[in-house]
Amino acid sequence: MDRRRCIILIGMPGAGKSTVGVLLAKQLARPFVDTDLLLQARTGRRLQAILDADGPDAFERIEEQTVLDLPLTNQVIATGGSVVYSEKAMARLAGAVPVVYLRIDLASLQRRLTDLKTRGVVMGRSTDLAMLYAQRRGLYERWATVTVNCADLNHQETVDAVARAVDDPG
């Protein structure tokens, strides 16, 4: 694998992007970046506070700019689940392949996500997890160069599956 290229993790909230990203970066001896943490550092506020005060459109603009400003060399990057709403951000990330979609089924997500309304997830007031999943799934599939089904895997098994997939995505 080219050591200069990034490994970009995309997927639903609760799929494990941040945890898997940290473990993968450690295993591959690379820096780790979480765009949600960068967004919080940039604004000085938690994700949910941004959504509550400024709304989803402003949140998405800040998220997009955070990704556009991010250096894309030799690191593992865990993105926020809503980054796929930004064509500009995703086009930039797609230039730093592989983009790894951590796919998880809806039932597993429902078991994992008990704090959806306070977690800082971009979604409409009348949207539930099933609707959000249906909205985003096609976007994740569109941008992914590699897909890892992680619903029945623990974190280390997911890390190993991602490492194998990015070494030999074919």
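Observations
- Inside segment 29-46, residues that are surrounded by fewer than 20 Cβ atoms within 10 Å (Cβ to Cβ), in a helix (DSSP H, G or I) and not polar (S, T, N, Q) make up a count of 4.
- Some residue of segment 66-84 being more than 23 Å from Phe32 (Cβ to Cβ) and either of a type in the set (Asp, Glu) or surrounded by 13 or more Cβ atoms within 10 Å (Cβ to Cβ) (or both): no
- Those residues of segment 1-27 which are over 22 Å from Thr114 (Cα atoms), surrounded by 19 or more Cβ atoms within 10 Å (Cβ to Cβ) and out of contact with any Ser or Thr (no Cβ under 9 Å at 6 or more places or on another chain), in sequence order: Ile7, Ala25
- In the condition set (1) in a helix (DSSP H, G or I); (2) more than 21 Å from Asp167 (Cβ to Cβ), Leu70 is compliant with all but (1).
- Within the option set Arg103, Arg42, being charged (D, E, K, R) and within 21 Å of Ala165 (Cα to Cα) holds for one residue only, Arg103.
- Here is the figure for segment 101-127: residues that are part of a loop (DSSP other than H, G, I, E, B) and either crowded, with 20+ Cβ neighbours inside 10 Å or at pLDDT below 85 (or both) total 16.
- Check on Gly16, at positive phi and not hydroxyl-bearing (Ser, Thr, Tyr): yes
- Residue list for segment 24-38, filter: aliphatic (A, V, I, L, M) and either within 13 Å of the chain's Cα centre (by Cα) or modelled with pLDDT of 95 or more (or both): Leu24, Ala25, Val33, Leu37, Leu38
- Screening segment 128-170 for residues that are of a type in the set (S, T, N, Q) and part of a helix (DSSP H, G or I) and picking the one that is modelled with the lowest pLDDT gives Gln135.
The values are calculated or read from the model by the stated rules, or taken from the named source; none is laboratory data. The shown structure was predicted, so the numbers you read here are calculated from the model rather than taken from an experiment. Positions of Cβ are backbone-derived with ideal geometry, glycine not excepted, and every protein chain shown enters the neighbour counts.
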